[in-house]
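So the structure is just underneath, and the comments pick up after that.
The values are calculated or read from the model by the stated rules, or taken from the named source; none is laboratory data. A quick note: this is a predicted structure, and the numbers were derived from the prediction, not measured. Because the Cβ atoms are built from the backbone with ideal geometry, glycine has one as well, and the counts that use them run over all protein chains shown.
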């Protein structure tokens, strides 16, 4: 067989290798069983705050759950599920502090944060996701836990900042 014939067979043969799909690990939170996993941006820390109930703050929206004292610093606590869906989160919840230093805040979650293996997905944002939440979501990922979305905490905080007081 000549070199040209060998090359023709190689070119005609189907590619036997499966495409390599890049999976990577990311930290994700879940703020309700009816909401998607939210993937935190790279470099954003999160930590579970064990057994601390928020102190209530008067004259704020119902989804602002109050504040907790974290090493002498007051950390605002949000019922993210209530904000996103209009329905308060009920049952067993976990308080997750996101960020570090003076810029941290806490959200109530139905599960502890997880490191999930995910990969980029071409799917767009699920149309059934509530409108206020859609504006805080970025890239879509697939994972063993289902679809997950990149969460933009800065965009979310800017969006809710004016809405915390009842008078606004």
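Worth a mention:
- Looking only at residues in the range 33-46 that are assigned to a loop (DSSP other than H, G, I, E, B), closer than 17 Å to residue 112 by Cβ and touching a strand residue (DSSP E or B) at 6+ places or on another chain (Cβ under 8 Å), the one that is modelled with the highest pLDDT is 40.
- Unmet criterion (only one of (1) out of contact with any strand residue (DSSP E or B) (no Cβ under 8 Å at 6 or more places or on another chain); (2) at pLDDT 90 or above; (3) farther than 30 Å from residue 165 by Cβ) for residue 118: (1)
- The conditions of being buried (at least 17 other Cβ atoms within 10 Å of the Cβ) and under 12 Å from residue 31 (Cβ atoms) are not met by residue 137.
- Among the residues of the range 56-73, those that are in contact with a strand residue (DSSP E or B) (Cβ under 9 Å, 6 or more places away or on another chain), more than 13 Å from residue 95 (Cα to Cα) and exposed (fewer than 13 other Cβ atoms within 10 Å of the Cβ) comprise 56, 59.
- Evaluating residue 126 against the criteria (1) part of a loop (DSSP other than H, G, I, E, B); (2) closer than 22 Å to residue 39 by Cα; (3) without any contact (Cβ under 8 Å) to a residue 60 or more places away in the chain leaves one unmet condition, (3).
- Any hit, the range 82-102, residues being touching a residue at least 40 places away in the same chain (Cβ under 8 Å), exposed (fewer than 14 other Cβ atoms within 10 Å of the Cβ) and touching a strand residue (DSSP E or B) at 6+ places or on another chain (Cβ under 6 Å): no
- Condition check for residue 111 on (1) outside any loop (DSSP other than H, G, I, E, B); (2) under 17 Å from residue 28 (Cβ atoms): one failure, at (1).
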